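Have a look at the structure below before the remarks.
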Amino acid sequence: MIRLVAYIRRSTEGQEDSPETQRRIIEEYCTNNGHALVGVCVEDAISGGIPIEQRPVAAELFARAVSRKRDFDGIIVVRLDRLFRDLADQLSWTNLLDRHKCQLHTPAGPIDRSTPEAGFMFSMLGAAAEFERKITGRRVREHNLALAMQGKKPSGYAPLGLTYDPKTKRCMANDRAQDVLTIYTIFVEIHGNLSDTLRRVAAAGILSQRGNPITLRGMYLILSNCTYRQRILYAGKEWDAPDIPRIIPPALTDAVDNLLAQRQSLPNRSRNSKQAYSGVLYCAHCGRHYTVTYSYPHNKALVKSPYVGWVCGGRASLRICTARKVSERLLDRLVARALAETLSEYRGRIGRAKLDASKSEAKYIIRQRERLQSTRQRWLRLYAEGLIDHQQMQRQLQTVDKELESLPNRKPAATIQAQTIFEHIDSIESDWQDWPSEAKRNLLLELGAKITISSADMEPLKIIFDSCLTSEPIEVAMSQRSGRAKPTSE
């Protein structure tokens with residue numbers, strides 16, 4: 001007798017395969033074949049496109065399956081697409097189950113992959129499930145895009161002050177429209193101070209759509225929502241929707257847009273950060289800086305370090321930008337290509353003689369700085385040993401600090417790191433990925449680099465690399481299929 005645990009999943013409430021139907025089919029199979037159903041795991045309103053590790057019930061079930069204290073022999077599902085909707089997930093997780101001798105069952109019988117023909121059919125079933133999911137998603141996106149082009153709102157969400165009609169796919173004003181007008185008026189009256197606006201709105205007793213106090217992020221989303229400007233945001237574009245009632249006057253929305261644009265500040269370009277592109281990477285769509293993000297593979301035991309990526313701050317925190325996440329591996333290729341072109345152009349412009357003189361000057365400044373820092377440490381050590389008093393130490397330290405301030409700042413082209421790259425320009429595109437993150441960041445800051453990245457959907461990844469070494473920015477694009485960085489022809 002085989003002990004089985006049933007996994008039951010339903011994506012939406014209107015789906016034909018209800019949890020009760022799936023459970024009845026599984027119980028009938030176990031009764032007819034003499035198997036014992038020792039547990040049932042139900043996951044409702046969960047899409048099959050979500051990875052296993054992000055589904056709470058499925059993740060716990062697989063953790064029990066690979067545990068040494070496992071109390072069952074296999075997992076049973078009505079169909080494979082109830083468990084997997086991605087071919088890569090299906091192959092990786094079933095291989096993991098095979099290694100721990102946990103068998104996968106369906107009402108048609110146990111899954112057998114012992115022969116090449118059986119393995120081929122198993123992969124075909126996974127590919128068909130993934131194909132069906134992607135085709136359905138594409139049809140939904142095409143339908144929503146057609147609605148947006150007609151000025152209709154595709155989803156059932158409406159912001160504060162508006163009500164969504166699911167039949168006509170249009171928005172109508174409700175009794176909360178006056179609250180939105182009050183928020184916009186307060187924000188303009190206090191000259192764009194978001195915190196003071198939040199306090200005055202809370203004092204006025206204005207709540208969110210769900211009746212909760214409005215947060216700082218919620219206040220920003222209300223002020224920047226394009227629906228109040230008779231536009232609909234879908235697929236990364238804003239579509240005109242003249243049928244949406246204009247509850248905010250155009251002059252007031254223009255004033256709010258100007259104040260929101262003025263309050264965007266540049267991130268801190270401190271050297272304390274150890275990330276390679278922190279403070280130098282900006283979004284071409286919304287102008288905000290990119291932040292680092294980490295993701296792990298399905299099986300963390302196989303990969304020790306996470307995958308590093310960069311995502312626009314407008315998408316990570318505010319959810320108002322549609323720029324997609326960019327892998328640091330692809331970003332390294334683009335930056336290496338742009339950096340090689342920048343340094344090649346600069347070396348040809350200044351000449352070798354000027355470069356050697358700049359290198360000597362940089363080494364002299366570094367030696368002087370190291371000498372003064374060692375002198376400062378010596379005076380501190382003498383004071384700690386009691387050989388000089390506090391006034392003598394302060395006087396000597398002021399003298400050293402004054403000499404340190406008088407030293408000229410090192411020019412970006414005169415750093416030791418830059419000189420090392422000048423000597424290896426031909427191999428920088430292959431060596432840049434091996435550089436430590438801190439070294440990459442220090443060099444980019446020394447060069448005064450500003451990287452603007454364009455990562456819109458259905459478009460090739462592109463960056464604009466601007467530095468103090470070149471008179472004009474360098475544009476480098478990468479094809480999504482080939483994955484090769486190449487300069488954009490002007």
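Quick one: how many residues across region 224-237 are under 22 Å from the mean Cα position of the chain (by Cα) and modelled with pLDDT of 80 or more?
2
Consider Pro250 against the criteria (1) surrounded by fewer than 16 Cβ atoms within 10 Å (Cβ to Cβ); (2) under 30 Å from the mean Cα position of the chain (by Cα); (3) within 29 Å of Ala323 (Cβ to Cβ): it satisfies all of them except one. Which criterion is unmet?
Here Pro250 meets the rest and fails (2).
Would region 7-24 turn up any residue that is in the same structural domain as Lys134 (by TED's automatic domain parsing), within 26 Å of Ser114 (Cα to Cα) and in a helix (DSSP H, G or I)?
No, region 7-24 contains no residue that is in the same structural domain as Lys134 (by TED's automatic domain parsing), within 26 Å of Ser114 (Cα to Cα) and in a helix (DSSP H, G or I).
Can you report the number of residues in region 1-26 which are in contact (Cβ under 8 Å) with a residue 12 or more places away in the chain and either in contact with a strand residue (DSSP E or B) (Cβ under 7 Å, 6 or more places away or on another chain) or of a type outside the set (Ser, Thr, Tyr) (or both)?
Residues flagged as in contact (Cβ under 8 Å) with a residue 12 or more places away in the chain and either in contact with a strand residue (DSSP E or B) (Cβ under 7 Å, 6 or more places away or on another chain) or of a type outside the set (Ser, Thr, Tyr) (or both) within region 1-26 amount to 17.
Can you confirm whether region 110-121 contains a residue that is at pLDDT 85 or above, in the same structural domain as Val40 (by TED's automatic domain parsing) and within 27 Å of the chain's Cα centre (by Cα)?
no
Taking region 16-46 on its own, how many of its residues are farther than 22 Å from Gln103 by Cα and basic (Lys, Arg)?
0
Out of Ala128, Ala108, report the one residue that is exposed (fewer than 14 other Cβ atoms within 10 Å of the Cβ) and in contact with an Asp or Glu (Cβ under 9 Å, 6 or more places away or on another chain).
Ala128
Between residues in region 165-188 that are acidic (Asp, Glu) and residues that are surrounded by 15 or more Cβ atoms within 10 Å (Cβ to Cβ), which pairs lie under 7 Å by C-beta distance while being six or more apart or on different chains?
Correct list of pairs: Asp179/Leu160; Asp179/Gly161; Asp179/Ile206.
Considering Thr115, Thr185, which residue is exposed (fewer than 13 other Cβ atoms within 10 Å of the Cβ) and of a type in the set (Val, Ile, Thr)?
Being exposed (fewer than 13 other Cβ atoms within 10 Å of the Cβ) and of a type in the set (Val, Ile, Thr) holds for just one of Thr115, Thr185, which is Thr115.
So, in region 442-458, of the ones that are modelled with pLDDT under 80 and surrounded by 14 or more Cβ atoms within 10 Å (Cβ to Cβ), which residue ends up nearest to the chain's Cα centre (by Cα)?
Looking at the filtered set, the residue picked out is Ser455.
The values are calculated or read from the model by the stated rules, or taken from the named source; none is laboratory data. None of the values given here were measured: they were computed from a predicted structure. Because the Cβ atoms are built from the backbone with ideal geometry, glycine has one as well, and the counts that use them run over all protein chains shown.
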